[in-house]
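J.: Input: one structure, supplied below.
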Amino acid sequence: MACRDIVEMVSDYLDEALPAEEQAHVQAHLSTCDGCETVLAQVRQTVHLLGRLEEEHLTDLQRETLRGVFHDHVNG
Amino acid sequence: MDLVERLGPSMRRVARMFVSTDAVADEVVQDAWLGVLQGLAKFEGRSSLRTWIFRILVNIAKTRGQREGRSLPFATLAGDDLDQPSWDPSAFLGPDSDAPGHWSSLPFDWRGVPEERAEAAETLRVIGATLQDLPPMQAEVLRLRDVLGWSSEEIRNALDLTDTNQRVLLHRARAKVRAAVEAHLRSGE
């Protein structure tokens, strides 16, 4: 398999979502290929950075409305 | 209310994929919580609670969208680039070379960039902006997986995706965010 194919597999590789044989194949390729190893490191860091993003928040109005749904259910 | 707070923003975004306005999406989220409250006794724990909640949400959102006459094809939500290469083909050697498909020029290695810069708020802002521009299903799979830490299986079940679709959507989304981070870090060289 060429680098062009490996870069399409790094996300699955990182999640260990590939069949065992392919997982081993990608691992072997990465151990000898600086370019693909760089790409893997970058995808890994991208995932790390995504984990530092803050999730959006509900607006006060949305929160109040949903509180109402629960309140009505309990008292309904 | 903790779960409502935590799941709220993603529930709203998911609902919004299937219906036409933010206001309708808010109603769908309310209906979904009502459905959750009414069905809670029947929750069997075969999936995670949040997966189950999203299934109820997605069903309500799809029904509502159909009633509105807004039934978007999967490609509109998922993006029409799923079968395209995620990397610029010119980075690889052509078929006539001695190693077709291998790197013709090595990718830019941002590991030389100081950590303060790579990890700075500006980088996170670039990532946030990139997420806004992704096709909605790509963005949501990425958020659930990498921002909120759901498992792939939970995401697949929650959003009613096949295993392959979930993986491809995640791969495409990560590839685009990676490219955006690279462009950002390169611009400061």
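Where a number appears in this text, it was derived from the coordinates with a stated rule and is not lab data. Being a predicted model, the structure only gives us computed values, none of them experimental. Don't worry about glycine lacking a Cβ; one is built from the backbone with ideal geometry, like all the others, and counts go over all protein chains shown.
J.: From the P(r) of region B:47-189, could you give the percentage of C-alpha pairs in the tail past 26 Å? Could the numbers behind the result be given before it?
T.: Details: 4055 of 10153 pairs.
Pairs farther apart than 26 Å: 40 percent.
J.: Report, in deg cm²/dmol and to the nearest 500, the calculated mean residue ellipticity at 222 nm for chain B, where each DSSP H run with n ≥ 4 adds -39500 (n - 2.57) and the sum is divided by the residue count.
T.: It comes out at -19500 deg cm²/dmol, rounded to the nearest 500.
J.: What Cys residues in the protein assembly as shown have no fellow cysteine's beta-carbon under 4.7 angstrom?
T.: Cysteines lacking a close Cβ partner in the protein assembly as shown: A:C3.
J.: Between B:A183 and B:A23, what FRET efficiency comes out of the Förster formula 1/(1 + (r/R0)^6) with R0 = 45 Å and r the beta carbon distance, rounded to 0.05? Please list the in-between numbers first.
T.: Values: r = 36 Å, r/R0 = 0.80.
Calculated value: 0.80.
J.: Further question on the same structure: May I ask for the net charge around B:D22, where only other residues with Cβ less than 11 Å from the Cβ of B:D22 are counted and Lys, Arg are +1 while Asp, Glu are -1?
T.: Numbers: positive: B:R12, B:R13, B:R16; negative: B:D26, B:E27.
So the surrounding residues net to +1.
J.: Which whole-Hz ³J(HN,Hα) couplings does region A:38-52 yield from phi under the Karplus relation 6.51 cos²θ - 1.76 cosθ + 1.60, θ = phi - 60°, glycine and proline marked x?
T.: 4, 4, 4, 4, 5, 5, 4, 5, 4, 4, 4, 5, 4, x, 8
J.: I'd like the Kirkwood hydrodynamic radius of the protein assembly as shown, using the inverse of the mean 1/r over distinct C-alpha pairs, in Å.
T.: Answer for the protein assembly as shown: a Kirkwood hydrodynamic radius of 20.2 Å.
J.: May I ask you to derive the relative contact order of region B:1-81, considering only C-alpha pairs under 8 Å and at least 6 residues apart, and to give it as an integer percent?
T.: Working: 59 pairs, mean separation 30.5, N = 81.
Taking the mean separation of contacting Cα pairs over the length of region B:1-81, I get 38 percent.
J.: Using a cut-off of 15 Å between beta-carbons, work out the net charge of the residues near B:E115 (Lys and Arg +1, Asp and Glu -1, B:E115 not included).
T.: Values: positive: A:R44, A:R52, B:R111, B:R117; negative: B:D109, B:E116, B:E119, B:E122.
Overall, the nearby charge balance is 0.
J.: Using just the alpha carbons, could you tell me how many Å³ per residue the convex hull of chain A encloses?
T.: Working: hull volume 10.6 nm³, N = 76.
It comes to 139 Å³ per residue, whole-number rounded.
J.: Under the rule of at least 5 residues apart or a separate chain, name every residue whose amide H is placed under 5 Å from the amide H of B:F92.
T.: Counting only residues 5 or more places away or on other chains, the set is B:S104.
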